[in-house]
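The values are calculated or read from the model by the stated rules, or taken from the named source; none is laboratory data. Model, not experiment: these values are computed from the prediction. All Cβ positions, even for glycine, are placed from backbone atoms using ideal geometry, and neighbour counts span all protein chains on display. We work out accessible area using only protein heavy atoms, side chains counted, and drop any ligands, DNA or RNA first. Shrake-Rupley method; radii C 1.70, N 1.55, O 1.52, S 1.80 Å.
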Amino acid sequence: QGTMMKRLLSANHLRRLHHHLARGGIVAYPTESCYGLGCLPTHPIALRHLVRLKKRPQHKGMIVIGDSVSRLQPLLRPLSSATRHQLQQIWPARITFLLPAQQHIPALLRGKQRQKLAVRVPAHQTARDLCALLKQPLVSTSCNRAGRRPCRHEREVRRQFGRQVWIVGGQIGKAKSPSQIVDWASGKRWR
């Protein structure tokens, strides 16, 4: 575990981050290709805050990450054991799948896909460790205002968002592009 995890492991620090997210706060953290912005995926106030902060169109939907298939499962309709096994063989990876969402999942999260949710167990260790420590899945959208390039360094996050987000420092991965998005049922690639 890197220096970011050492900073997070203090019980006080973790408690404060939990409280920040529970109040609808936003967190920025390193992912495979850039910093991501996240919040609790079932917190409607946090989702609206994130959309406003990014100046992002509401119809786009967002990705949710977790440290395991089990962490993502409460957001999804029940998966067959075969599907669970296949996902466990594929993830962690830079591939996001559209899977059938539970009814209670906010529309802001689903976007145009209405019945499906974009989910991933990321290939980036820090992003997975963060979900594991929080015992929560997190929204994962690129850390930038609409129309600007995603932040690749902590200082860029500070420059764009200042104190509006809680920053978990660390190195991003070496990927040059965001994860693929693939519909699990049809195999159709969306990104």
Any hit, region 161-182, residues being out of contact with any Phe, Trp or Tyr (no Cβ under 6 Å at 6 or more places or on another chain), part of a strand (DSSP E or B), touching a residue at least 24 places away in the same chain (Cβ under 8 Å) and aliphatic (A, V, I, L, M): yes
Got a sec? Which of VAL139, VAL182 is surrounded by 13 or more Cβ atoms within 10 Å (Cβ to Cβ) and more than 13 Å from the chain's Cα centre (by Cα)? VAL182
Only one of ARG120, ARG128 is in contact with a Ser or Thr (Cβ under 6 Å, 6 or more places away or on another chain), surrounded by 14 or more Cβ atoms within 10 Å (Cβ to Cβ) and closer than 22 Å to LEU79 by Cα. Can you tell me which? ARG120
Where residues in region 32-70 are touching a residue at least 24 places away in the same chain (Cβ under 8 Å) and small (Gly, Ala, Ser), which of them is surrounded by the most Cβ atoms within 10 Å (Cβ to Cβ)? GLY38
Return the total of residues in region 131-160 being of a type in the set (Val, Ile, Thr) and in contact with a Cys (Cβ under 6 Å, 6 or more places away or on another chain). 2
Of the candidates ARG52, ARG48, the one satisfying the condition of being farther than 25 Å from GLN171 by Cβ and touching a helix residue (DSSP H, G or I) at 6+ places or on another chain (Cβ under 8 Å) is ARG48
Scanning region 94-108 for residues that are open to solvent by less than 10 Å² (accessible area, probe 1.4 Å) and closer than 25 Å to GLY169 by Cα gives THR96
Is it the case that region 146-169 has a residue that's under 13 Å from the mean Cα position of the chain (by Cα) and buried (at least 18 other Cβ atoms within 10 Å of the Cβ)? no
Give region 21-31 a look and list any residue that's open to solvent by 20 Å² or more (accessible area, probe 1.4 Å) and either farther than 16 Å from ARG163 by Cβ or of a type in the set (Phe, Trp, Tyr) (or both), or say none. ALA22
Since GLN88 meets every condition but one in (1) under 20 Å from GLN136 (Cβ atoms); (2) within 14 Å of the chain's Cα centre (by Cα); (3) among the polar types (S, T, N, Q), which condition does it not meet? (2)
Which numbered condition in (1) in contact with a Lys or Arg (Cβ under 7 Å, 6 or more places away or on another chain); (2) assigned to a loop (DSSP other than H, G, I, E, B); (3) modelled with pLDDT under 95 is the only one that ARG110 fails? (2)
